[in-house]
Amino acid sequence: MESLAERKAEILDEFMMFDDWMQKYEHIIELGKELPLIEEQFKTEDHLIKGCQSRVWLHASEGDQGKVHFTADSDAIITKGLIALMIRYLGDLPAKDVASAEMDFIQEIGLQDHLSPTRSNGLVSMVKQMKLYGMALAAKQL
Amino acid sequence: MRENTMEISAFDVRAVRAQFPILQRKVNGQNLVYLDNAATVQKPQMVIDALTHYYSHYNANIHRGVHSLAQEATQAYEEARIKIQEHICAAHSHEIIFTMGTTDAINLVMQTWGRSQLSFGDTVLISALEHHSNLVPWHLLKEEKGINIEIIPIHPDGSLDMEAYADLLKKNVKLVCVNHVSNALGSINPIKEMVHMAHEVGAICMIDGAQALPHSKVDVQDLDADFYAFSGHKVYGPTGIGVLYGKEKLLNEMPPWRGGGEMIAAVEYQSSTYNTLPHKFEAGTPNIAGGIALGSAIDFVRSIGVEHIEEHEAQLLESLTQKTAHIDGLKIYGTAEKKAGVFSFLVDGTHPYDVGTLLDQMGVAVRTGHHCAEPLMNHFGIPGTIRASFGCYNTNEEVDVFVHSLERALKMLR
Ligand SMILES: Cc1ncc(COP(=O)(O)O)c(C=O)c1O
């Protein structure tokens, strides 16, 4: 299985290829379109993370070998693309790795603005929730 | 007629732009195209200078010192009050109460007039177009006193339903709260007529003029408005300063709200007597620099001529409306016949957040979201809109950049 460091290197490589903002955002939009959708039954109020700019639904469950499995969706495609990146980075990892993961790759690919609390797109809270879930599951697995 | 056109051609947008240093900057490597003027407008050099000049030359506390600086500061602050009085055609300068902004002004009315004059079962009519700041204070009073809130509905084009308004006025109405211009849709409301109708049933009118003052001529006496609120930062002045205009008689009847220095006539340990208008409502050291700079902002607007600003923005809106007409699936929210320079819209198959994010990459600043008018967005069944709004310094070239950038964004998203 890939480590977090490998996942990060892969994402950085991918974003290195882009010369301008348009290519970068086109890629994010593409990722958003490819994101496997959250099952309709989980697209409910309790799975909703409210931002005033865009909404995010997140569902977390315990997958194979005690790993954390995430599915998510958003009404905005750029938010969705960023969610896809987060899930690619944090998804299907051991719970304790999710809990302790550093999210600095977002900074390195120049998308940190989207993860600022002032942006209010639901992403900051989503990452927090993902990690909280990892923490809770890790505690249960002890 | 001829003279009139001569005058309008004297409006030179290049010369206006040159007064705004921020318009030189780049955003994401692109020239800034600032179209978020309904949120706040940029500041001309003379307003920035007024702030620095005050702090560099005559900073002092006002109304209480005998020394020269205090007198200069007091004089400048009170001159600003008179400029504002003249600009909005108030009968007296003491009817101009300095506040922190529109929100603060409305809260003042709620806390003093509202709490002293309204009681259980009294009706407050609020238009469906209101900004949260003209809605939430009345919710607070509803919780406290059990007042009754009724909403004046709108037509699909975003204009107020005046027949429904006439009907609602039959319901023991004490207060009507309405904005002069809607920040979310741009509709210009028939304030004069609404005030007249309210007065006929003995109600008073609180006008939120935050979006009107920057773009059109306001004459509070002609409107016969009882209260009229606006924010300095939307009329080329600094943040943290605004105005509540109130009719002298009403203001005199109202109890003070905040207590402290400046607002008192005499204080003993157990009680105090209060100062006269306007000081009764201005407790503590006010935003002196802000008040003075707001005076300069009014000078700026008058130097251009508010009728020129209105005409210029109307032309930009017209041009933008035409130039986006061909865009498939673009729906404008707010198509009232009388409309200020606000272009609120959605495009099928796209989310406002995505469009706003991509426009920002191209240096174009617009607003996306609910514009602090959630109930209105719910009424339309939408989460929010994308809003481009004009100021006096926007140009036709910027309209073209906006349209072109929007087309590029949509191509990426759809
Ligand atoms: C119509 C309207 N009313 C009130 C406000 C609130 O103004 P402020 O935040 O300056 O108090 C705004 C500003 O967004 C507005 O557009």
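Computed quantities for the displayed model
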quantity	calculated
By average C-beta atoms within 10 angstrom, highest first, the peptides A:35-45, B:41-51	B:41-51, A:35-45
Counted charge near B:Glu193, where neighbours are those whose Cβ lies closer than 14 Å (Asp, Glu -1; Lys, Arg +1)	-3
Within chain B, helix-based [θ] at 222 nm, where runs of 4 or more DSSP H residues each add -39,500 (n - 2.57), nearest 500	-11500 deg cm²/dmol
Cβ-placed point charges (K, R +1; D, E -1), dipole of the protein assembly as shown about Cα centre in debye, nearest 20	780
Whole-number percent relative contact order across chain A, with pairs defined as alpha carbons under 8 Å at least 6 apart	26
Residue-averaged beta-carbon neighbours from other chains (10 angstrom radius) around A:22-29	3
Accessible area of segment B:269-366 belonging to carbon and sulfur atoms, whole % at 1.4 Å probe	47
Local electrostatic count, B:Thr395, Cβ distance below 13 Å [Lys/Arg +1, Asp/Glu -1]	-3
Extension gain, B:Leu140 back to B:Ile264 (0.36 nm per residue minus Cα-Cα distance, nm)	41.9 nm
Alpha-carbon centroids, segment B:38-116 and segment A:93-142: separation in whole Å	46
Cα centroid separation - segment B:333-383 against segment B:233-259, whole Å	30
Most positive-pole-ward Cα, B:Pro383, B:Tyr228, B:His139, against dipole of chain B from beta carbon charges	B:Pro383
Magnitude of the charge dipole, chain B, Cβ model with Lys/Arg +1 and Asp/Glu -1, debye to 20	760
Cβ neighbours within 10 Å from other chains - mean over A:73-80	5
Average partner coverage of B:343-356, which counts Cβ from other chains inside 10 Å	4
Debye log10 I(q)/I(0) at q = 0.08, 0.13 Å⁻¹ for the protein assembly as shown, Cα point scatterers	-0.64, -1.28
Per residue value of the accessible surface for segment B:223-344 (all protein chains in place, 1.4 Å probe), Å²	42
Among A:96-105, B:320-329, B:287-296, the order from most to least packed when residues are scored by Cβ within 10 Å on average	B:287-296, A:96-105, B:320-329
Sum of side-chain charges, B:His132 neighbourhood, beta-carbon under 15 Å (Lys, Arg +1; Asp, Glu -1)	-2
Interface A:B - total buried accessible surface [probe 1.4 Å, Å², rounded to 100]	1500
Charge dipole (debye, nearest 20) of segment B:201-260; +1 at Cβ of Lys and Arg, -1 at Cβ of Asp and Glu	240
Among B:346-352, B:264-270, the order from most to least packed when residues are scored by Cβ within 10 Å on average	B:346-352, B:264-270
DSSP H segments from chain B that extend 20 Å or more along their own axis, Cα-based, with Kyte-Doolittle mean of 1.0 or above	B:288-304
Accessible area of chain A divided out per residue, in Å², using a probe of 1.4 angstrom	51
Solvent-accessible heavy-atom area per residue, rounded to whole Å², over segment B:44-123 at 1.4 Å	44
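The values are calculated or read from the model by the stated rules, or taken from the named source; none is laboratory data. Since the structure is predicted, the reported quantities are computational estimates derived from the model, not experimental observations. Counting neighbours? That spans all protein chains shown, and the Cβs are built from the backbone with ideal geometry, glycine included. Please note that ligands, DNA and RNA were not included when accessible areas were found on the heavy atoms of the full protein model with its side chains. Shrake-Rupley method; radii C 1.70, N 1.55, O 1.52, S 1.80 Å.
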